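The values are calculated or read from the model by the stated rules, or taken from the named source; none is laboratory data. Just so it is clear, the model here is predicted, and its values are computed rather than measured. Every residue, glycine as well, gets a Cβ built from its backbone with ideal geometry; the counts of neighbours run over all protein chains shown. Side chains included, ligands, DNA and RNA excluded: accessible areas come from the protein's heavy atoms. Shrake-Rupley method; radii C 1.70, N 1.55, O 1.52, S 1.80 Å.
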Amino acid sequence: MLAGMGGTIWDGAMIAALAAARAAAVRHDVPVGAVVLDPGGDVVATAGNEREQRQDPTAYAEVLALRAAAQSAGTWRLDGHTLEVRFYERGAGETMSSGTGSTGAAAAGLHLGWVTSPVTIRTPAGPLEIRSEDEMFLVGPAQIIGGGEFYFESHDATNT
């Protein structure tokens, strides 16, 4: 079982995911890392984005980690497994969460039949639950970190 500085499996998994994200950045890819834990909390797969390296539009960290976890488990069904993701943005550094990346990871797993809805994705900001019905629904922590006002002029196409 992987433990990090805080002593929990989640801390260790996040450290591993961040290392994979940094490695992706070194390869000049979008810096995203993903780690899959089995139901007992052991890391069974780690991956970073490899789209540039492989010249493969599907070589996202989450998809690669899920594929490796399925191979490790000997089955394409990963029920009970947990996907940990860490996002590292160029110029901004590590981010707490990414709804788009997490939803994409869940959508890939659901589409391939590797997981069933609802899917839980763990991020440093907290767990995100993605449900698939006729549409995708994302539930998780949110925090307003800024504010402002936006003004725009309405342009009527008939009155130019």
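If R0 equals 35 Å, the separation of the Cβ atoms of Arg54 and Phe152 corresponds to a calculated FRET efficiency of about 0.25.
Using +1 on the beta carbon of Lys and Arg, -1 on that of Asp and Glu, and nothing else charged, what's the dipole of segment 21-101 about the Cα centre, debye to 20? Before the final figure, lay out each step's value.
On the way: 8 positive and 11 negative charges, 36 e Å.
In total the dipole reaches around 180 debye.
Evaluated at 20 °C with a viscosity of 1.002 mPa s, what Stokes-Einstein diffusion coefficient in µm²/s does segment 57-160 have when Rh comes from the Kirkwood expression over alpha-carbon pairs? In µm²/s, the coefficient is 135.
The magnitude of the dipole of the chain, with charges of +1 and -1 set on the Cβ of Lys/Arg and Asp/Glu and taken from the Cα centre, is near 580 debye. For Gln143 and Asp11, a Förster radius of 22 Å and the Cβ-Cβ distance give a FRET efficiency of 0.60, rounded to the nearest 0.05. For the residues Asp29, Asp38, Asp79, a 1.4 Å probe over the protein chains yields an accessible-area ranking, largest first, of Asp79, Asp38, Asp29. Dipole orientation for the chain: of the candidates Thr95, Val139, Val63, Val63 has the Cα lying most toward the positive pole (charges on Cβ; Lys, Arg +1; Asp, Glu -1).
When the chain is treated as a GNM with alpha-carbon contacts under 10 Å, the residue of Gly74, Gly146, Gly91 showing the greatest mean-square fluctuation is Gly146.
Most simply put, the chain has about 90% antiparallel DSSP beta bridges, counting only bridges with both residues inside it.
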